[in-house]
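To keep things clear, I will list the structure first and then write my remarks on it.
The values are calculated or read from the model by the stated rules, or taken from the named source; none is laboratory data. The model shown is predicted, which means the values in this text are computed figures rather than measured ones. For neighbour counting, all protein chains shown are included, and Cβ atoms are generated from backbone atoms with ideal geometry for every residue, glycine included. Keep in mind that these areas ignore ligands, DNA and RNA; they rest on the heavy atoms of the full protein, side chains included. Shrake-Rupley method; radii C 1.70, N 1.55, O 1.52, S 1.80 Å.
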Amino acid sequence: MDRFFELSARGTTVGRELRGGITTFMAMAYIILLNPIILGGATDVTGARLSTQQLTTSTILAAAVSTLLMGVIGNAPLGVATGLGLNAVVAYQAAPHMTWAQAMGLVVLEGLVIVLLAVSGLRQLIMNSIPLALKHAISVGIGMFITLIGLVDAGFVGRGTGSPVQLGTTGRLTGWPVALFCLGLLVMIALFVRRIQGAILIGIVITAVLAVVVDTFTTVPPELWGVVIPRMPEAVVGAPDFGLVGQVDLFGGFARAGALTATIVLFTLVLSGFFDAMGTIIGVSDEAGLVDEQGRVPRLGAILTMDGVSSVIGGLTNSSANTVFVESAAGVGEGARTGLAAVVTGALFSLTLLFTPVATVVPAAAAAPALVLVGALMMTQVRKVPWEDLGIAIPAFLTIVLMPFTYSITNGVGAGVISYTVIQAALGRAGRIPWLLWAVSLIFAIYFGVDGIGTLFF
């Protein structure tokens, strides 16, 4: 095991990998409930809805298989599951124009395109063409992004009435879930700074137990807990339903919705999946200390290929496109450095196929503190950006702030790449910019303007 996963070479132990894998699973487990809500809440062009029970099984199955493959083949501490944002594209951009089987066919095609880009080496070349300082900025931006995710999920930050965001959901902090989030975060921080092994995992468990106690003995409106309500399940075992697996029509979407509509959906899926995963891989690997002096990630080719394969798996299971989860950073914060942590995470997802009720006990109030703490740790990468050089400082700044402010890793990467290319050209350094970076900048420009172009000409 040591040789296969390079435990000693990466300065880790089996215990740290186990804790990291469990922590990543607990930070990701919400997707088991959230993905069926998003996909199950939409109808396709025929008015059909997907079964919630079948979606739950498909979501777990795809996450389990994809994460296990990432651990064994990619040897990276990365959890993989249905990508938020990607499932919304499938539900609200693809399904209204085609059947569910045809929409999932586009997801399979997206995965195949990403696999082709990875196998050809083009995706790796694109990642390596991004300047090292910008890669550090991506890490910082992801840290801020997952912090905002944690704060919003916990109800500490909400949508404002007179402003885009505000403190709490009403302008004030109210309710047990927010109080438990604050307590859990403080406990987690105290344990972490004292270098207690398993600090993040211990904090999640303590907060989850307190949440179950609070929900049992007090009256908390269900909506305050979010997607997961911390209640002891009525049953321990739940039978999986694999009815959606294999229900795919690869090319029917082009005939049903038209070539232009289907192509735009496919382009959106490929670009979002490509750069969301790229940013997450760079950010999490950088935080884990796995990148070299040039910012290159070990076994990158295998990791990128498995990311594409995961999207194919998501389409074949009807759970939507799978991608590397930014919550993997929580496991890295607990010490995960190798694919063994991902194997642990994948194994836990596999178990939930039979024990789904047990896996849906941990509320956002318990998992969110881990995202905030890890966000703080990833923020330390900001010292590696040469802020005295405006040619990199401005693109780095845009990368960092636009990830949380637009709730998208892809948008942050795109803004950083485009601004870097333009600034370097304005400084007379156009010849130093790799041609791939010019190409990526053009692709991002099309991505940002595709809806406007469609409105003007179609």
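Tally up the residues in the range 52-64 that are more than 16 Å from the chain's Cα centre (by Cα) and buried (at least 21 other Cβ atoms within 10 Å of the Cβ), please.
Within the range 52-64, residues that are more than 16 Å from the chain's Cα centre (by Cα) and buried (at least 21 other Cβ atoms within 10 Å of the Cβ) number 6.
For the range 39-51, enumerate the residues that are within 20 Å of Ala257 (Cβ to Cβ), touching a Ser or Thr at 6+ places or on another chain (Cβ under 8 Å), of a type outside the set (D, E, K, R) and surrounded by fewer than 19 Cβ atoms within 10 Å (Cβ to Cβ).
Val45, Thr46, Ala48
Out of all the residues in the range 299-319, which are within 19 Å of Thr345 (Cβ to Cβ) and in a loop (DSSP other than H, G, I, E, B)?
Arg299, Thr317, Ser319
Against the definition (part of a strand (DSSP E or B) and either surrounded by fewer than 23 Cβ atoms within 10 Å (Cβ to Cβ) or at pLDDT 90 or above (or both)), how does Ala81 come out, yes or no?
yes
I'd like the full set of residues that are in contact (Cβ under 8 Å) with a residue 60 or more places away in the chain and among the hydroxyl-bearing types (Ser, Thr, Tyr), limited to the range 47-58.
Answer for the range 47-58, where residues must be in contact (Cβ under 8 Å) with a residue 60 or more places away in the chain and among the hydroxyl-bearing types (Ser, Thr, Tyr): Ser51, Thr56, Thr57, Ser58.
Can you tell which of Ala277, Ala255 is buried (at least 23 other Cβ atoms within 10 Å of the Cβ), in a helix (DSSP H, G or I) and of a type outside the set (Val, Ile, Thr)?
Every option except Ala277 fails the conditions.
Name the residues in the range 215-252 that are out of contact with any Phe, Trp or Tyr (no Cβ under 8 Å at 6 or more places or on another chain) and in a helix (DSSP H, G or I), would you?
Thr216, Phe217, Pro222, Glu223, Trp225, Gly252
Scanning the range 1-21 for residues that are among the hydrophobic types (A, V, I, L, M, F, W, C) and open to solvent by less than 60 Å² (accessible area, probe 1.4 Å), which turns out farthest from Gly83 (Cα to Cα)?
Result: Leu7.
Among the residues of the range 84-124, which ones are farther than 13 Å from Ser320 by Cα and not in a helix (DSSP H, G or I)?
Answer for the range 84-124, where residues must be farther than 13 Å from Ser320 by Cα and not in a helix (DSSP H, G or I): Met98, Thr99, Ser120, Gly121.
May I ask you to say which residue of Val165, Val157, Val115, Val108 is surrounded by fewer than 24 Cβ atoms within 10 Å (Cβ to Cβ), touching a residue at least 60 places away in the same chain (Cβ under 8 Å), farther than 26 Å from Ser51 by Cα and of a type outside the set (Gly, Ala, Ser)?
Val115
Can you say whether Leu260 is closer than 26 Å to Gly71 by Cα and not aromatic (Phe, Trp, Tyr), as far as the supplied structure shows?
For Leu260, the condition - closer than 26 Å to Gly71 by Cα and not aromatic (Phe, Trp, Tyr) - is not met.
So Ala137 fits all but one of (1) surrounded by 23 or more Cβ atoms within 10 Å (Cβ to Cβ); (2) under 19 Å from Leu304 (Cβ atoms); what number is the exception?
Every condition holds for Ala137 apart from (2).
Might you check whether a residue that is polar (S, T, N, Q) and touching a residue at least 12 places away in the same chain (Cβ under 8 Å) occurs anywhere in the range 295-307?
yes
Of (1) among the basic types (Lys, Arg); (2) within 26 Å of Trp225 (Cβ to Cβ); (3) part of a helix (DSSP H, G or I), Lys135 satisfies all except one. Which?
(2)
Scanning the range 283-299 for residues that are buried (at least 22 other Cβ atoms within 10 Å of the Cβ) and among the aliphatic types (A, V, I, L, M), which turns out farthest from Arg10 (Cα to Cα)?
By that ranking, first place goes to Val284.
Quick one: in the range 328-360, which of the residues that are of a type outside the set (A, V, I, L, M, F, W, C) and more than 28 Å from Ala235 (Cα to Cα) is most open to solvent (accessible area, probe 1.4 Å)?
Ranking the qualifying residues of the range 328-360, first place goes to Arg337.
Exactly one condition in (1) over 13 Å from the mean Cα position of the chain (by Cα); (2) farther than 24 Å from Ser58 by Cβ is not met by Ser320; state its number.
(2) is the only condition that Ser320 fails.
Before we move on, is Leu186 over 25 Å from Thr410 (Cα atoms), open to solvent by 40 Å² or more (accessible area, probe 1.4 Å) and part of a strand (DSSP E or B)?
Considered against the rule, which asks whether it is over 25 Å from Thr410 (Cα atoms), open to solvent by 40 Å² or more (accessible area, probe 1.4 Å) and part of a strand (DSSP E or B), Leu186 comes out as no.
State whether the residues of the range 384-397 include one that is under 19 Å from Gly85 (Cβ atoms), surrounded by fewer than 24 Cβ atoms within 10 Å (Cβ to Cβ) and modelled with pLDDT of 95 or more.
No: zero hits.
I'd like the full set of residues that are farther than 22 Å from Val157 by Cβ and at pLDDT below 95, limited to the range 169-191.
Leu191
Report yes if His97 is in contact with a helix residue (DSSP H, G or I) (Cβ under 6 Å, 6 or more places away or on another chain) and surrounded by fewer than 22 Cβ atoms within 10 Å (Cβ to Cβ), otherwise no.
Spelling it out, His97 is indeed in contact with a helix residue (DSSP H, G or I) (Cβ under 6 Å, 6 or more places away or on another chain) and surrounded by fewer than 22 Cβ atoms within 10 Å (Cβ to Cβ).
Go through (1) under 30 Å from Val265 (Cβ atoms); (2) part of a helix (DSSP H, G or I); (3) in contact with a helix residue (DSSP H, G or I) (Cβ under 6 Å, 6 or more places away or on another chain) one by one and return the number of the condition Ala76 breaks.
(2)
Give the residue, chosen from Leu61, Leu18, Leu34, that is touching a Pro at 6+ places or on another chain (Cβ under 8 Å) and touching a residue at least 12 places away in the same chain (Cβ under 8 Å).
On inspection, the qualifying residue turns out to be Leu61.
Applying the selection to the range 190-208, what residues are open to solvent by less than 60 Å² (accessible area, probe 1.4 Å) and assigned to a loop (DSSP other than H, G, I, E, B)?
Matches in the range 190-208: Gly198 only.
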